[in-house]
Amino acid sequence: MTLTPAPDAAARLPGEAPSVPPSSAASPFPSASPSLVLRVCCEFGLTAVLLLGVVTGVRWLFAPDGYGGGGAAFAVLGAGVGALLAVLMLSAPGRRSGAHLNPAVTLALWRLGVFPGRDVLPYCLAQLGGSVSGTWLAAVVWGPVVARPPVGYAAVRPGPRWGEGAVVAAEAGVLAASALMLAGLLARPVGRRLLPYAVGLVTALVIALLGPLTGGSANPARQFGPALLAWEAGGTGPLLWAYVAGPVLGAVAGAVLGRRLGGRLGARLGDRPVSPRET
């Protein structure tokens with residue numbers, strides 16, 4: 001059994017037009033018309049904008065000539081990133097690509113059976129490339145302060161009492177819960193309409209609550225670009241593998257559980273993934 005995003009999207013054949021216009025409801029599923037190349041370009045650009053916003057927020061909230069850091073800074077950063085993420089999901093490019101902006105989310109949607117497996121790798125590569133580009137652009141805009149501590153390209157670092165295993169567990173838990181949330185919201189049209197706001201709220205809470213502890217990444221693309229540029233600049237980059245492995249493991253586990261619970265929770269399930277028409 002596989003989750004379907006909504007009756008109108010699941011019931012039609014891949015070549016049929018949707019009964020509801022794509023602009024009427026946001027969802028992490030691509031529109032029926034754009035080609036894979038266009039959708040991948042949208043993912044690249046949207047992820048770059050997201051990382052530009054993240055690095056900009058870290059620069060002004062944590063640098064000595066900005067707010068100066070502290071617990072309140074994580075709350076402000078979380079609110080800003082959550083709002084930005086919701087806006088990107090609701091934007092026209094976001095509706096074209098589905099605005100995953102997170103390789104773990106793409107994998108979760110694939111394992112839920114509602115995203116074509118052939119599109120997973122292009123989407124993930126676009127998201128990672130957008131992460132590098134957005135981080136680099138932020139460094140160009142804001143100058144050397146982005147590379148220096150405490151900004152350090154906005155690379156996520158765990159607190160002193162958090163080892164790598166604990167980071168993996170925390171990141172996996174966040175993505176498992178997020179995958180279950182996706183399964184529940186995408187089961188009904190009203191859930192799809194609420195999805196951008198729910199994702200933005202969850203992102204804000206993760207950054208605000210887990211930021212001072214684990215770093216609150218919950219997105220391999222969030223850490224990839226900053227960690228890569230920090231490594232190139234300083235020779236010893238921040239922790240990366242845990243911020244990749246944790247979300248991926250959690251997303252897959254949550255999606256598997258979501259599929260098993262779907263029928264019991266009354267979710268609308270189908271037998272084939274959403275397959276956008278290539279043009």
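Here are the numbers for this structure:
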{"item": "Filter result (open to solvent by 40 Å² or more (accessible area, probe 1.4 Å), part of a helix (DSSP H, G or I) and either closer than 23 Å to Gly69 by Cβ or among the aliphatic types (A, V, I, L, M) (or both)) within region 133-162", "result": "Leu137, Val140, Val141, Trp142, Pro144"}
{"item": "Answer from Ala221, Ala204, Ala169, Ala179 - the residue that is open to solvent by 30 Å² or more (accessible area, probe 1.4 Å), touching a Gly at 6+ places or on another chain (Cβ under 8 Å) and at pLDDT 95 or above", "result": "Ala169"}
{"item": "Test: Ala32 is open to solvent by less than 40 Å² (accessible area, probe 1.4 Å) and modelled with pLDDT under 95", "result": "yes"}
{"item": "Positions within region 63-78 being open to solvent by 20 Å² or more (accessible area, probe 1.4 Å), touching a residue at least 40 places away in the same chain (Cβ under 8 Å) and part of a helix (DSSP H, G or I), in sequence order", "result": "Gly71, Phe74, Ala75"}
{"item": "Hits in region 186-195 - residues which are surrounded by 20 or more Cβ atoms within 10 Å (Cβ to Cβ) and assigned to a helix (DSSP H, G or I)", "result": "Gly191, Arg192, Leu195"}
{"item": "So Leu128, is it in contact with a Leu (Cβ under 7 Å, 6 or more places away or on another chain), at pLDDT 95 or above and not aromatic (Phe, Trp, Tyr)", "result": "no"}
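The values are calculated or read from the model by the stated rules, or taken from the named source; none is laboratory data. This structure is a prediction, so every number in the text was calculated from the model and none was measured. Neighbour counts are summed over all protein chains in view; Cβ atoms, including those assigned to glycine, are modelled from backbone coordinates with ideal geometry. Note: accessible area is taken over every heavy atom of the protein model, side chains too, but ligands, DNA and RNA are not part of it. Shrake-Rupley method; radii C 1.70, N 1.55, O 1.52, S 1.80 Å.
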